Amino acid sequence: MRVDFGVGLCGACRWRRTIESGKGSTFHLCERSKIDASLPKYPRLPVWMCHGFEPTTGVGGHGDPGSGETPGAGEGRAAPGEAAEADEA
Ligand code: SF4
């Protein structure tokens, strides 16, 4: 997982949607805020702790909720490099 230190966790989260204004500014919308009222629609960045964070899958784009992927499908997956350790007995 690659982390953008200017954005924090949101940069690697499947719920993040980037919005660009006509003036060239970039905003990060949290799509999960639509179903979880405890999350801000526009998080104050960088975000370093978030109970709603779910990593992007890295397959088929950013894995945004509107893509038809099942939210939560990425939970419990090991990051690259961690799987080998978990499989060793
Ligand atoms: S769920 Fe949390 S980490 Fe993910 S986009 Fe929303 S605020 Fe950012």
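The values are calculated or read from the model by the stated rules, or taken from the named source; none is laboratory data. Treat the numbers as computed from the prediction; the structure is a model and nothing was measured. Here the Cβ is made from the backbone with ideal geometry for all residues, glycine too, and neighbour counts use every protein chain on show.
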(message) Here is a list: 38, 67, 21. Which entry is modelled with pLDDT of 95 or more, more than 9 Å from the ligand (Cβ to nearest atom) and small (Gly, Ala, Ser)?
(response) 38
(request) List the number of the failed condition for residue 11; all other conditions in (1) near the ligand (Cβ under 8 Å from one of its atoms); (2) outside any strand (DSSP E or B) hold. (result) (1)
